[in-house]
Amino acid sequence: MSRFAACLALFFFSADAIFAADQTDALERIPIQADLVFKVEHPRSLIEGVIAIDAYQGLQQFPQAREILESTPVRRFFQTIRYLETELGEPWPVLLDRVAGNGLAVGVAFGKEPQPALFIIEGKDAEFVAKAHALLLKGIRDELERNQPQTQLVTEEFENVTVTSIGKDFFTTQIGTTIFVSNNKNAIGEAVKLALGKIKTKVTDHATVIQARKLAGPKAVAWGWLNFAKVKESKESKDFFASTKKDIFQTMIFGSTVDAARRSDFITFVLEKTETGYSAGVRLPAKRAELDPDLAIHAPFHGESGSKPLLRPKGVIYSQSFYLDLGFLWKERKRIFNQDNLKDIEKGIEQLNRVLPNTTFGQILENSGPYHRLVAAHTGEKLYTSEPAQSIPPVAYIGSMRSSTYGETMEALLRAGGLIAGFQTKWKMTEQEFMGTNIVTYRFPETGTPNYDDPEKYRFNAAPSFAIVNDSIILGSTPGIVQLLIPEIKKESATDGSHKVWQGRFIMKGASQFLKANPEATITQTILSQGIGLAEAQKQTNQLANWLGQLGSYEISIDHAKDYFEFRIAWNYGN
């Protein structure tokens, strides 16, 4: 770690202000040369909110967490907090409010390495901030005397302001309610002149900084701005955008995301606190109406839902839903595809068409629907008397269809495919009716030696199944997960859906249930990694399962909203 990073870390820890900043104060201390800024609005509420969560408190029951908490850096951190509380006569939440109550801001200017960075701590009480800054410098000096006696703090006057430095990569000063820290002498010099009014231009004079703050929204506890127009000027960026547009496979995977970036001159980063958790997002000012029509593969253009609702059957661990219109891609292939790629693809499809009964690959794609969903869940079903070496939760794919022809074709293909695969797997097909829906299942034999490699018996995690429900086809690894999904799909209406074009959610209660039902692998790993007995390993595994159940859910989503594009990660500890 560089000296700048180490000393800056001490400032972070000592003020207990790991995040913070105020738009009208701290950001206006950053000169206009910055190309990236990050700002936290309310550090105290953010930190207190995190440490009050049950899941955070529960970490202390695990040996790995206790080992970290008892490590030298963490102990020194808490010692520093106690020292500041004693010297300044206030508990840490009050200290944080007085030293950094008006926020923290970080600004970085792109250029030669190391890139100039400026860190701003904006307090509420100038006298208290000065006292805290002096104590921090004393702490750094004492630390250097203990560990690097050959290194000294140096002070010099700049514009009648005392700047303290260590070598060439750490500079700090305090003016009024503001503490400045930088890794670059020129950067802190510009910040001092800006604070004294000797230069006027600041980062908030960039029009896109104001736009970024507006795009972050009123609920943001922290947000950031990236001058993406400058990033796009580089040869690497230009080459990336050019190659992505030509490559159909990259277009299929993340074409609309790249298109949003291509149309954006800045990027906004946002951290929000919700009623049930926190969310972090990246927002680009790319309007939905300006999305390239060729990218209708990723987003509907006629007011339809961006994705179907997330399915949440009993025991669900993971649920995903997204929009991918392969039928549109096939219809427009001659216009969208690179011609060299198209020739190779069509040649391969010609060979495939020869073995498809009464249909073509193109017809299958055109009849398929644009909505796709994935689900993993703990079903608790007992498939075989034989046990696999490692239990794997059942998974299912749910695809929409534009016509019943697609369902009929897929059923015929799946039955034919199951029959052909049976020559290798020796599995047996069975059929059963559930809620008026026919479920087809293939089960592996439990006797005899398979003529394929599976020494761990992973095949006994699965009994592949499928069913057709309304306008959806379900492909499941077990009949149990298909049965769980049938009523979920039956109760949906044709208009149900979300404006998000991609969304996925991990539900930790389901993960907890699965671990409790299948603890063997985790117990074994705990014994081997810690060298403890069976009883203690069982206890720790049960604690882990209970703790997972407290974590709520984690959601990732992509949204082509009306006025912006957003990639978002959310933690909902309330559900």
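The values are calculated or read from the model by the stated rules, or taken from the named source; none is laboratory data. Because the structure is predicted, anything quoted here is derived from the model rather than measured. No Cβ is skipped: glycine too gets one built from the backbone with ideal geometry, and neighbour counts run over all protein chains shown. Accessible surface is based on the protein model in full, side chains and every heavy atom, while ligands, DNA and RNA are left aside. Shrake-Rupley method; radii C 1.70, N 1.55, O 1.52, S 1.80 Å.
Quick check on region 256-273. Is at least one of its residues more than 23 Å from G327 (Cβ to Cβ), at pLDDT below 90 and not acidic (D, E)? Yes, the conditions are met somewhere in region 256-273.
Of all residues in region 334-344, those satisfying the criterion of being touching a residue at least 40 places away in the same chain (Cβ under 8 Å), open to solvent by 40 Å² or more (accessible area, probe 1.4 Å) and part of a helix (DSSP H, G or I) are R335, N341. In region 320-333, the residues that are within 15 Å of I558 (Cβ to Cβ) reach residues that are among the charged types (D, E, K, R) and not in a strand (DSSP E or B) with C-beta atoms within less than 6 angstrom, at least six apart or across chains, in these pairs: S321/K308. Checking each residue in region 271-290 for being of a type outside the set (K, R) and open to solvent by 70 Å² or more (accessible area, probe 1.4 Å) picks out E275, A289, E290.
Look at F328 and say whether it is open to solvent by 20 Å² or more (accessible area, probe 1.4 Å), under 29 Å from W502 (Cβ atoms), modelled with pLDDT of 95 or more and out of contact with any Gly (no Cβ under 6 Å at 6 or more places or on another chain). For F328, the condition - open to solvent by 20 Å² or more (accessible area, probe 1.4 Å), under 29 Å from W502 (Cβ atoms), modelled with pLDDT of 95 or more and out of contact with any Gly (no Cβ under 6 Å at 6 or more places or on another chain) - is not met.
Condition check ((1) more than 26 Å from W330 (Cβ to Cβ); (2) of a type in the set (S, T, Y); (3) touching a residue at least 40 places away in the same chain (Cβ under 8 Å); (4) touching a helix residue (DSSP H, G or I) at 6+ places or on another chain (Cβ under 9 Å)) across all residues:
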position: S237; (1), (2), (3), (4): yes, yes, no, yes
position: F254; (1), (2), (3), (4): no, no, no, yes
position: V258; (1), (2), (3), (4): no, no, no, yes
position: K273; (1), (2), (3), (4): yes, no, yes, yes
position: T276; (1), (2), (3), (4): yes, yes, yes, no
position: A299; (1), (2), (3), (4): no, no, yes, yes
position: E304; (1), (2), (3), (4): no, no, yes, no
position: K314; (1), (2), (3), (4): yes, no, yes, yes
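Restricted to region 537-551, and to residues there that are aliphatic (A, V, I, L, M) and part of a helix (DSSP H, G or I), the residue that is farthest from the chain's Cα centre (by Cα) is A537. For region 530-544, the criterion of being touching a residue at least 12 places away in the same chain (Cβ under 8 Å), among the hydroxyl-bearing types (S, T, Y) and touching a Lys or Arg at 6+ places or on another chain (Cβ under 6 Å) is met by none of the residues. Only one of the numbered conditions (1) more than 15 Å from I175 (Cα to Cα); (2) in contact (Cβ under 8 Å) with a residue 40 or more places away in the chain is violated by E122, and that is (1). Considering only residues in region 340-365 that are modelled with pLDDT of 80 or more and polar (S, T, N, Q), the one that is farthest from the chain's Cα centre (by Cα) turns out to be N358. For residues that are modelled with pLDDT of 90 or more and in contact with a helix residue (DSSP H, G or I) (Cβ under 9 Å, 6 or more places away or on another chain), scanning just region 546-558, find the one that is least open to solvent (accessible area, probe 1.4 Å). Out of the qualifying residues, it is S553. When the criteria are applied in full, T379 fails the requirement of being out of contact with any Phe, Trp or Tyr (no Cβ under 7 Å at 6 or more places or on another chain) and either within 26 Å of E332 (Cα to Cα) or of a type in the set (D, E, K, R) (or both).
Residues that are in a loop (DSSP other than H, G, I, E, B) and either among the basic types (K, R) or open to solvent by less than 90 Å² (accessible area, probe 1.4 Å) (or both) within region 63-78 comprise just one, S71. Scanning region 349-368 for residues that are of a type in the set (S, T, N, Q), in a helix (DSSP H, G or I) and either in contact (Cβ under 8 Å) with a residue 24 or more places away in the chain or buried (at least 17 other Cβ atoms within 10 Å of the Cβ) (or both) gives Q363, N367. The residue that is nearest to V316 (Cα to Cα), among those in region 369-382 that are in contact (Cβ under 8 Å) with a residue 24 or more places away in the chain and open to solvent by 30 Å² or more (accessible area, probe 1.4 Å), is H378.
Scanning region 389-398 turns up no residue that is farther than 23 Å from K509 by Cβ and open to solvent by less than 40 Å² (accessible area, probe 1.4 Å).
Yes/no matrix, rows are residues, columns are (1) part of a helix (DSSP H, G or I); (2) in contact with a His (Cβ under 9 Å, 6 or more places away or on another chain); (3) crowded, with 18+ Cβ neighbours inside 10 Å:
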position	(1), (2), (3)
S237	yes, no, no
T244	yes, no, yes
S264	no, no, yes
F269	no, no, yes
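Within region 279-292, the residues that satisfy the criterion of being touching a Phe, Trp or Tyr at 6+ places or on another chain (Cβ under 7 Å) and either assigned to a helix (DSSP H, G or I) or within 15 Å of V258 (Cβ to Cβ) (or both) are V282, L284, A286.
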